Structure formats: structure tokens, C-alpha cells
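Only one structure is covered here, and it is reproduced in the block below.
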Amino acid sequence: MRTIKGIAPKAMIFGGTCGDIRWIGNEEVWADETNWAMMPGLDDPNAASVSPTTGCETGSMWMPGEVDVSVRPGWYYHAAEDNKVKSVAQLVDIYYQSVGRNANLLLSFCPDRHGRIHPIDSVRTIEWWKTIQRELKDNILVHAKVTADQVRGQGFEASRVSDGRSDTYWATPDGVSAGVLTFTFDIPQKVNRLLLQEYIELGQRVASFKVEYQTSDGTFVPLPLTEKTTTIGYKRILRFNTVETRALRVNFERAKGPLCIANVEAFLAPNLMVEPAIRRDADDRIVLIANDRESEIYYTTNGSVPQVGKNRYTKPFVFNKRGEIKAIAYDKNFKKQSEVATQKFDLPMRRFRLLGTDSRNLFDGDPHTADWFTTGSATIDMGEKHTLTGITYLPEQNRWTSGYIHRYEVWAGETEASQKKVAEGEFSNIKNSPTLREVRFAPVKARFITLKAIQIVDDVKRFNIGEFSVISK
């Protein structure tokens, strides 16, 4: 290992006082945008005031951050959570917010009752790994010309940051803790990822930097970032909307000592081609959500297959009737599209009212919000008469939710007082499988409909409804 005399503060060198790791972002699955791999010593009077999520720039103990998270909602296997394994998109976000922010990632698996990793968990993780490999596959900077405004001397040239070696680095002279790297392309390149690494054997140094790209008129403007660019450490990966440019410029504004940058890479990552999520809120507005920030969404409201270039989604829109929404996600850079997402909607529910409260959580299309009831029933006024043939019930989808309805009755009538029982039964195994349930009954004309909780799972005293809808004729 080559060293540079006098530029590595003792507190930053491996092999010094090294007591532990810092657990950060546990279950919340993120590391802070500022993430120093140091903390104050235990005898430091300021130790108690230092946040473990950001570390300490002047710390005397080397304590890298570690993000611990389960591939499932919790740390143990439950069959009821087979449909709640983190999606590829969620896992990708976790990677960029942990490894991509100078932290270690410990992804935990929950063995099932046979001591095996469930196939869903295994396949999902492999898909995640392949996605990261695709996103960070082709380094655009390999063929770029790289220059620096400050160079320590022979063996520390700017080209060291793109030579593919881990034991070389660009460095600035003694006393120079700022500098600029510029990457120039022969022809314009599209880019949406930037990876930076310090030569961590000599410690973590960079405290602030910014990245710019050259526009078509030759001026440099900031990358469209949504996070702070402070620390780098062993690895920092930035995501941003795709830009096309002839040059990238990294301005290292402040560091703890002379710069030692080992690696800089740039990529054009494909978008995740996952079907958009489709939901209708309590005001009958359709909300379409892509799994990444750049995918374009195209949709139809008449049941036909969406086509790229026709009817692009830009904001929520009102859909106050029965019908079917279909949508696709499209990556314009790679010209690929997702499978078609389809969602059928019954009666619009803007006029629906839950008696006894102004809350409308059970109509908002979000299964993570719910209305809770301490009485044994929930009555809904639909605002006008409809011919109904059934209802749907979805309990709240948050991890520690209780209050699932086990045995139920459904009542309906043209007035609240004239309601009659139209269905009864049980939601089998709902504790272990809290999924959408459908209740069918003979056609009935009604304005009011009541769902009664005759028995609640575990005999708790209240129940919840995450989402409720009717099935009309």
C-alpha cells in the first residue's frame, strides 16, 4: 500500500481504535446522506451529542455504519407475510440508501418452519441482485478523457480514478483539500448514476462535493439530485433523472486533508420494468404509480391495451364510474415496457359516507390506512340507491395490525332502519392471510349497507377496515 506522508489523521486509519459498527436505519432501511465512518471515543465529552446516523467528522474511533433489514416485514417467518416480501423496487432503494451511502448492508432472511429460505424470498433476492448488476454494468467513464485542476505528481494522476484498479488513486498536493475532476466525452452520453469512492485505506476525507454536467450550450449546471452531496467514504452512489451531456464535473469542495479519490464511474441504468400500481382515492381520482422515478406511464380507461405515446399519465384524474383502468410503464432510453397492469373499479365512492365520523380511510385506495370501530358494526350511506350483489373487505395491511373480522354479517336496505341481513359467514384463516375478501349475495336495492363484526380474531374489542367496496349489478 502506498501512503502519503502526513495526510492521514491517526483517527481515520484502520488498525487504530476500532470498537464496533454503528447500527443505523434498522428496519427503516436507510443511511443518512452524511455518513462518517467515525465516532467520538467513549471518553470524549461530546460523544453523547453526536448522532450515530451521521457519524462524526472528528471522531477518534473507526465505526462504519451498518444497515440491518429483513427481506420480510419482520425478523421471523410468518406464512401470512408471504405476500409482503419486499419488492425488487424496494430492495433496490435499500441498496442505494445503504451501500450507496457509505454503509454496509446486512439483509436478513427468515427461515421457515422447515429451516429453509422460502422460494419467494430466494427468487426475489436473486432478481434484486440481477437488477443491481444491470444498473451498474457498463461504466461510461471508461472511454472519457479525465483531467484534474490539482495533481500531487507522478503516480497520482487524474486517470487513476478510471483505470479499474483498487490500489491506485488521484491525489492532491499537501495542504490542498479541494479540487475538480472533469470527464469529457467524444460524443454526448446519457447518464443517470454516478459512483464515487475514496481510497479508504487512507481514511475518509471528503466532507462536501457537488456534481455538474455540461448542457448543449457549453455551460455547466448541477445534476438534478434529490439528496445532499456531503460525504463519500468507501462508496457513494448518486441516482438522478437521465441527462445527456458531453462532460461531467465533480467539484470536491472540502475535505479533512488532501484528496485521495480511487474510483469514479457513471452509468445509464435501465428503469425497472414493473407494472404501475393503480388505485382510486376517496375523491374518485385515479393515481398511477411507477416503481422508479423516470418511467413514463401510459394508460387507458376503456379496457383497451395501452400504447406507448398515447394517453400519457401526468397527474391524478377523476374516474367516477364503473370500469377498468389499464396501464404500462415505459423506459424511453431503452425502449422497453412493462407488462400491462389492470384494475377494475365498481361504483364511485366520493358520495359514500361512513356514519358517525368524517373519516374516509376505508375509501381512499390505500390499504395502509384504516378506519377502526369500537362498536360491532360499520354503516355506510352510499348517497343514493343501487342494486348490490356483494361487498369486498380488506383489513389494514400494516405489520402489527389486529382487529381482523372473523365472523361477519352484511345488512342492507333503502333506509338505515329498514336494513335486513343479506349475508353471513366467516373470513377463513384471515389472521394468517389478511387478503382481500369478497362476499356475494342475492341482488338487493339499497342505499345503506352495514358490515357487522360478529367475532373478531383473538377476541379483541375493536376491528378495522382498510378498504371497503361494493359490487353492483
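Each value in this text was obtained by applying a stated rule to the coordinates, not by laboratory testing. Since the model is a prediction, treat every value here as computed from it, not as a measurement. In this analysis, Cβ positions are derived from the backbone assuming ideal geometry, glycine residues included, and neighbour counts consider all displayed protein chains.
Data table
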read-out	value
Separation of alpha-carbon centers, region 336-391 and region 438-473, rounded to whole Å	11
Region 10-135: equivalent-ellipsoid semi-axes (sqrt of 5 x gyration tensor eigenvalues, Cα, Å)	33, 15, 12
Calculated FRET efficiency for the pair Lys84/Ile187, C-beta based, R₀ 41 Å, to 0.05	0.35
Charge context of Ala207, other residues only, Cβ under 15 angstrom, K/R +1, D/E -1	+2
Pair Lys461, Glu414: separation of 7 Å Cα→Cβ label points (nm)	4.0
Karplus 3J(HN,Hα) series, Hz, for region 58-72 with 6.51 cos²θ - 1.76 cosθ + 1.60 (x for Gly, Pro)	10, x, 10, 10, 7, 9, x, x, 10, 9, 9, 8, 8, 5, 10
Folded to 0 to 90 degrees: helix 119-135 orientation relative to the chain principal axis, Cα	40
Surrounding net charge for Asp217, when Lys and Arg each add one and Asp and Glu each subtract one, Cβ distance under 14 Å	-1
Gain on full stretching of the segment that runs from Thr435 to Ile471 - 0.36 nm per residue minus C-alpha separation	11.2 nm
Potential lengthening between Gln307 and Asp358 on full extension [0.36 nm per residue; Cα-Cα distance subtracted]	14.4 nm
J(HN,Hα) series, region 95-106, from Karplus relation 6.51 cos²θ - 1.76 cosθ + 1.60, nearest Hz, glycine and proline x	4, 5, 8, 10, 4, x, 10, 6, 10, 8, 10, 10
Relative frequency of Cα-Cα separations exceeding 19 Å in region 152-267, percent	43
Using θ = phi - 60° and Karplus 6.51 cos²θ - 1.76 cosθ + 1.60, couplings along region 321-332 (whole Hz; Gly, Pro as x)	7, 6, x, 10, 9, 10, 8, 10, 9, 9, 9, 6
Val340-Arg134 pseudo-label distance in nm [points 7 Å out on the Cα-to-Cβ vector]	2.2
Convex hull volume per residue for region 353-472, taking Cα atoms only, in Å³	93
Cβ charges +1 (Lys, Arg) and -1 (Asp, Glu), total dipole of the chain, debye	1120
Taking the convex hull of Cα positions in region 277-345, its mean projected area over all directions (nm²)	4.4
Whole-angstrom Cα spans of the chain along principal axes, big to small	90, 56, 42
Relative counts (whole %) of C-alpha pair distances in region 294-393, using bins that are 5 Å wide	2, 10, 17, 18, 15, 12, 10, 7, 5, 2, 1
Counted charge near Arg285, where neighbours are those whose Cβ lies closer than 14 Å (Asp, Glu -1; Lys, Arg +1)	+1
Long-range HN-HN contacts of Ser472 with modeled amide H, under 5 Å	Leu347, Thr389
Sites matching trypsin sites (Lys or Arg not before Pro) across region 107-177 that sit in DSSP coil, with at most 14 neighbouring C-beta atoms within 10 Å	Arg113, Arg116, Lys137, Arg165
Candidate lysines - alpha carbon under 19 Å from Lys421, same-chain residues fewer than 8 apart omitted	Lys385, Lys445, Lys452, Lys473
Residues with amide H under 5 Å from that of Cys260, placed H, sequence gap 5 or more	Tyr199
Over 29 Å (Cα to Cα) - which of Lys326/Lys420; Lys210/Lys332; Lys86/Lys461 fall in this group	Lys326/Lys420; Lys86/Lys461
